[in-house]
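Here the structure is laid out as structure tokens; the discussion comes afterwards.
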Amino acid sequence: MLGGIFFVFHSYNPSHHSFFLPCPFKYTTGYHCPGCGSQRAIHQLAQGDVTTAFGLNPLMVLSLPLIIYAFGLKLYNYLFSTQLRVHLFYNPFFIYGYFGIVAIYWIARNIPMYPFTVLAPTG
């Protein structure tokens, strides 16, 4: 399944194909949400362009190693019937801190001045 998702994001640019869903928050309010640009960033990562991906959604690019590690651990637990956990993911300081960073990022990316309103390439 992940291979299929990777193939779609590698083969099709979300900026040029309408079957990718637009952000409902941005569509409704006109403001960016913390995830805006993630589809285009994943496309750029699949193309090997980390710099452009970072410009599209730096929070997603920086969070990707944690997400991949968490899914990898979940898969490992499923395959080997174990109950391994990363204590960091259950630490209240980490959870509240991460959501605080997301909230600050959400506000900052909607400030209408440089460097917060960097026009990311659509192609």
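Where a number appears in this text, it was derived from the coordinates with a stated rule and is not lab data. The structure presented is a predicted model; accordingly, all values stated were derived computationally and were not measured. Cβ: placed from backbone, ideal geometry, glycine included. Neighbour counts: every protein chain shown.
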Could you give me the radius of gyration and the Dmax of the chain, taking only the C-alpha atoms into account and expressing both in angstrom? 16.4, 50
Along Cα→Cβ, 7 Å out, is where each label goes; now give me the distance between the ones at Leu75 and Tyr90 in nm to one decimal. 2.3
